[in-house]
Amino acid sequence: MILVTGGAGFIGSNFVLEWCKRQANQGDERLLVLDCLTYAGNLENLAQVSEEGRFDGRVLFSRVDIRDQAAMAALETEFTPRAIVHFAAESHVDRSIHGPQVFVETNVLGTLNLLQWGRKLQDIVGDRFRFLHVSTDEVYGSLQPSDPAFSESTPYAPNSPYSASKAASDHLVRAWHHSFGLNTLTTNCSNNYGPFQFPEKLIPLLITRAIEGKKLPIYGDGLNVRDWLFVTDHCDGILSVLEKGRTGQVYNIGGDSERTNLAVVEAVCLILDQLRPKPSGSYRDQIEFVRDRPGHDRRYAINAAKIRDELGWAPAESFDSGLIKTVKWYLEHPQWVERVKTGAYREWLDKQYAVVDRSGSNTASNL
Ligand SMILES: NC(=O)c1ccc[n+]([C@@H]2O[C@H](COP(=O)([O-])OP(=O)(O)OC[C@H]3O[C@@H](n4cnc5c(N)ncnc54)[C@H](O)[C@@H]3O)[C@@H](O)[C@H]2O)c1
């Protein structure tokens, strides 16, 4: 069994779906999805693997908060996964500026709890045990336009409460490898985009606001640069690292697609102009520049040579092909968007699943 934390969130749910697709053809290993379902956790993302009988008990779900040591201890008595793939986190930079406390609690202390469980698991499972920690390129700080891209040896310089909390968790993972011999792997990736991303993040925010006829806000001058990674390419990279990565190592994962925020907005507008033209004018007319957020990093860029050279991984999607897929997905799933926006997705979970929360003894239910 593999444990996936944060498996109801954006990247985690894409990972679960991708993993199930691969398992359908080979092997019968089970997945235990662990998620406390914050606003960002949406069990509807996993509907494809929850259709009755489809995976026949191969995907289990447990509603557990990784900050809760007692709940984690209860899980320990029930399950012995051979690997942990750790996505669970508070992940939105803007939210971290308004309320940093939960970022430290979940991203740092939650990771600590998992690392401690990982040590016990490795004692039982042996050397094949893996703890894969999913982190971000934001831990490396901000680049000037002419600076070389972040490599795995770039010094850490986090600038937001979010990136500081992720950096702290990365350091814990590193220390647990060196001090306790835990078989850790850390991946630091760039901005993901694709299906199931909560519409507070840039690309789904733009798509959903554009079709509602709302303004498309861009921070500052719009010239902040990010590297964009299509989410299934990221999942594929994580699987490569899980299967073939050298323990104790860090792997950067990037999409080789640096774009300014303005270029991203314009690209989204262009695709929407083609796929869903307005009666008159372009979606570009809705662009509006707004006051920059504090501490807004200017540029992130990823040098992904290590994962490419060592593990043979490369992104399959270009920014253009990934963006077309993403825009289409949001246009074809208005109900998903609506239910997230109205909050109806939260009711669905109570109706669909007898999910016993952290205080219960029966913590896992078949999806
Ligand atoms: N989205 C990106 O572009 C990006 C880029 C780089 C790194 N990352 C990292 O990838 C991981 C996943 O990101 P995402 O975009 O899918 O995030 P997300 O916010 O969409 O999902 C996070 C998931 O974790 C769960 N969670 C939060 N706190 C929890 C807790 N205390 N206990 C149990 N579950 C909890 C949430 O319910 C949610 O399902 C994060 O660690 C993030 O730092 C994301």
Cα-Cα P(r), the range 7-153, percent of pairs per 10 Å interval: 10, 35, 35, 17, 4, 0
Computed magnitude of the charge dipole of the range 186-235 (debye, nearest 20; Cβ of K, R +1, Cβ of D, E -1): 180 debye
Among ARG30, ARG22, ARG346: highest mean-square fluctuation, GNM of the chain, C-alpha pairs under 10 Å: ARG22
Rough spin-label spacing in nm, given labels placed 7 Å along Cα→Cβ, for THR260 and ALA305: 2.8 nm
Karplus-derived HN-Hα couplings along the range 98-110 (A = 6.51, B = -1.76, C = 1.60, θ = phi - 60°), whole Hz, x at Gly and Pro: 7, x, x, 3, 5, 5, 6, 5, 6, 6, 9, 6, x
Per residue convex hull volume, Cα atoms of the range 203-255, in Å³: 101 Å³
Charge-dipole axis of the chain as Lys and Arg at +1 and Asp and Glu at -1 on Cβ define it, positive-most pick from ALA47, ILE287, VAL125: ILE287
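Kindly provide the GluC sites (Glu not before Pro) of the range 200-296 that DSSP labels as loop, not H, G, I, E or B, and whose Cβ sees at most 13 other Cβ atoms within 10 Å. Before the final figure, lay out the partial values.
On the way: sites: GLU200, GLU212, GLU243, GLU258, GLU266, GLU288; in loops: GLU200, GLU212.
Those that pass, being in a loop and sparsely packed, are GLU212.
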Fully extended contour minus Cα-Cα distance, from ALA157 to ASP320, at 0.36 nm per residue: 55.6 nm
Per residue, the convex hull volume that the Cα atoms of the range 51-116 enclose (Å³): 122 Å³
Nitroxide proxy distance, nm - points 7 Å out along Cα→Cβ at ASP94 and ARG291: 1.4 nm
MET1-ARG174 FRET efficiency (beta carbon distance; Förster radius 25 Å; 0.05 resolution): 0.45
Charged-residue dipole, Cβ positions (Lys, Arg, Asp, Glu), the chain about Cα centre, Debye nearest 20: 140 debye
Among beta bridges that DSSP assigns inside the chain, antiparallel share in %, nearest 5: 15 percent
Sequence-distant lysines (8 or more away, or on other chains) whose Cα lies within less than 19 Å of LYS306: LYS244
Helix 69-78 axis, angle to the chain major axis (alpha carbon atoms, nearest 10°): 60 degrees
Unit charges at the beta carbon, dipole of the chain: most positive-side option, ASN188, SER135, LEU75: LEU75
Value of D in µm² per second that Stokes-Einstein yields for the range 224-354, Kirkwood Rh from Cα pairs, at 37 °C (0.692 mPa s): 184 µm²/s
Top of SER169, SER280, SER257 by mean-square fluctuation, Gaussian network on the chain, Cα under 10 Å: SER280
For the range 117-161: Kirkwood Rh in Å [reciprocal of mean 1/r, alpha carbons]: 13.3 Å
For the chain, convex hull of alpha carbons as volume per residue, Å³: 135 Å³
LEU270 versus VAL125: modelled label distance in nm, points set 7 Å from Cα along the beta carbon direction: 4.4 nm
Length gained when the stretch SER282-GLN249 is fully extended (0.36 nm per residue, less Cα-Cα span): 7.2 nm
Angle in degrees between helix 202-211 and the longest Cα principal axis of the chain, rounded to the nearest 10: 50 degrees
Over 29 Å between alpha carbons, listed pairs LYS278/LYS341; LYS21/LYS214; LYS120/LYS201; LYS166/LYS214; LYS201/LYS278: LYS21/LYS214; LYS120/LYS201; LYS166/LYS214
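Quick note: the coordinates plus some simple rules give every number you see, no bench work behind them. Since we're looking at a predicted model, the values are computed, not measured. A quick note on method: Cβ atoms are made from the backbone with ideal geometry, for glycine too, and the neighbour counts reach across all protein chains shown.
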